[in-house]
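Reviewing the structure listed below.
What follows is calculated from the coordinates using simple rules that are stated; it is not laboratory data. These figures come from a predicted structure and were not determined experimentally. Cβ sites come from the backbone with ideal geometry, for glycine too, and all protein chains shown count toward neighbours.
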Amino acid sequence: MSEGNSKGDILLSFLIGGAVGAGVALLFAPRSGRETRERIKNWAGEWKSKADQLLQEGRSKVAESRDSLRERVDRLKEAYDAGRRVLAGSDDK
């Protein structure tokens, strides 16, 4: 392996190879075409459900992070404004 390959590239290659191998195994399995197509349909449906769930969880985490960030920004604005008022009041003396 060359030094340019990262661990992520190696992992991705491994996963792609596994998926291709699984596909070939399904195609050459001793089942009828109908059974194979049904299995592929079920497998795809399961993965779609998992992907949808992960997407929803990701959206929830993004929304939580956004709300938390907004709260922090609001607190910083309040602190900044309070500091400006204090400094403005000290200029009057």
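Here are some notes:
- Taking the helices alone, the chain has a mean residue ellipticity at 222 nm of -32000 deg cm²/dmol, built from -39,500 (n - 2.57) per DSSP H run of at least 4 residues and averaged over all its residues.
- Choice from 23, 33, 83 showing the highest fluctuation, given a GNM over the chain with Cα pairs closer than 10 Å: 83
- Pairs from the table (50/77; 7/48; 7/50) lying more than 32 angstrom apart at Cα are 50/77.
- If R0 is taken as 35 Å, the Cβ-Cβ distance between residue 52 and residue 79 corresponds to a FRET efficiency of 0.30.
- With respect to the chain, whose longest principal axis is taken over its alpha-carbon atoms, helix 33-91 is tilted by about 10°.
- The translational diffusion coefficient of the chain, from Stokes-Einstein at 25 °C and 0.890 mPa s with a Kirkwood hydrodynamic radius over alpha carbon pairs, comes to 127 µm²/s.
- Selected from 14, 53, 25, residue furthest toward positive end of dipole (the chain; charges at beta carbon): 25
- Approximate spin-label separation residue 87-residue 16, in nm, with each point projected 7 Å along Cα-to-Cβ: 5.5 nm
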